């Protein structure tokens with residue numbers, strides 16, 4: 001499924017462009033080891049194709065931030081996932097590092113050569129197999145339980161897709177179906193064998209979670225951490241609070257009510273308009289050091305492949 005491009009790529013004044021390239025590259029490198037080369041081996045496909053909806057959605061930095069926060073809020077609403085995430089990961093002690101590693105995992109899953117994605121996911125699965133515990137309410141869990149893996153995959157799909165739909169441009173029913181179907185390959189590698197592969201399946205899963213999702217002080221602790229942690233460079237840090245409220249806005253209404261996220265967390269109309277303009281500009285920002293462009297090179301495509309103007313329903 002291919003998307004319509006409204007504008008060509010956006011390139012900034014050279015010194016600013018170089019600065020953004022340098023900053024962006026730090027978000028997609030591993031703190032230890034050689035890292036992932038998204039530009040090699042030449043010709044090796046990713047888990048999703050270059051003309052997929054996924055390659056469009058995940059190239060947008062605003063979508064990655066906002067959609068990622070939405071996904072984590074939905075994860076933390078599930079008591080077993082919340083206990084595992086909060087007590088067995090570095091979210092509390094090192095939120096910036098944790099978010100960068102999560103973002104890199106998403107980039108490798110979508111844009112990385114298939115062999116690198118498979119190896120990375122296998123490593124994550126091995127770490128998941130070591131995490132187990134009991135929630136404060138007495139529910140035993142393992143991080144590799146299929147129903148928990150299904151929920152985590154579903155929350156990620158929901159968060160990123162809804163962020164793109166709300167703050168970049170609307171997606172029609174066919175494009176939404178394609179996005180969920182494209183995630184099936186990675187879901188199976190992660191062990192999420194029952195993850196939703198369509199919009200209808202996602203909606204059914206959300207309905208099935210009505211009795212499971214619950215409020216927790218941890219959710220507000222997470223939001224405080226996200227508001228205060230130095231996650232965005234320079235002046236962009238001032239927008240963190242707005243982006244976090246944008247993420248809350250994407251939650252289904254019944255989830256916001258269940259979690260106690262009242263009107264203080266909602267966006268004003270002018271803020272929604274500002275975010276849509278920012279999302280549209282971010283969608284045109286071509287950063288040559290970032291995974292989407294490097295993956296295009298690996299596939300023999302021009303740097304601006306994902307940013308070209310094209311007719312309705314098509315990409316070059």
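The values are calculated or read from the model by the stated rules, or taken from the named source; none is laboratory data. These numbers were taken from a predicted model, which means no experiment stands behind them. A quick note on method: Cβ atoms are made from the backbone with ideal geometry, for glycine too, and the neighbour counts reach across all protein chains shown.
Structure above, values below:
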{"quantity": "Boolean, residue 109 is over 16 Å from residue 89 (Cα atoms) and either at pLDDT below 95 or crowded, with 16+ Cβ neighbours inside 10 Å (or both)", "calculated": "yes"}
{"quantity": "Unique residue being touching a helix residue (DSSP H, G or I) at 6+ places or on another chain (Cβ under 6 Å), modelled with pLDDT under 90, within 18 Å of residue 66 (Cα to Cα) and surrounded by 14 or more Cβ atoms within 10 Å (Cβ to Cβ) when the list is 246, 229, 239", "calculated": "229"}
{"quantity": "Inter-residue pairs, beta-carbon under 8 Å, first at positive phi and in contact (Cβ under 8 Å) with a residue 24 or more places away in the chain and in segment 262-285, second surrounded by fewer than 15 Cβ atoms within 10 Å (Cβ to Cβ) and not in a loop (DSSP other than H, G, I, E, B), 6+ apart", "calculated": "none"}
{"quantity": "Condition met for residue 28 (modelled with pLDDT of 90 or more, out of contact with any strand residue (DSSP E or B) (no Cβ under 9 Å at 6 or more places or on another chain) and surrounded by 15 or more Cβ atoms within 10 Å (Cβ to Cβ))", "calculated": "no"}
{"quantity": "Hits in segment 177-189 (condition: buried (at least 20 other Cβ atoms within 10 Å of the Cβ) and either free of Cβ contacts under 8 Å to residues at least 60 places away in the same chain or out of contact with any helix residue (DSSP H, G or I) (no Cβ under 6 Å at 6 or more places or on another chain) (or both))", "calculated": "180, 187"}
{"quantity": "Residues satisfying the stated conditions in segment 61-79, i.e. crowded, with 22+ Cβ neighbours inside 10 Å and either over 24 Å from residue 203 (Cβ atoms) or in contact with a strand residue (DSSP E or B) (Cβ under 6 Å, 6 or more places away or on another chain) (or both)", "calculated": "62, 65"}
{"quantity": "Listing of helices (runs of 4 or more DSSP H) fully contained in segment 70-169 that carry 3 or more residues being over 23 Å from residue 221 (Cα atoms)", "calculated": "95-111, 114-128, 146-167"}
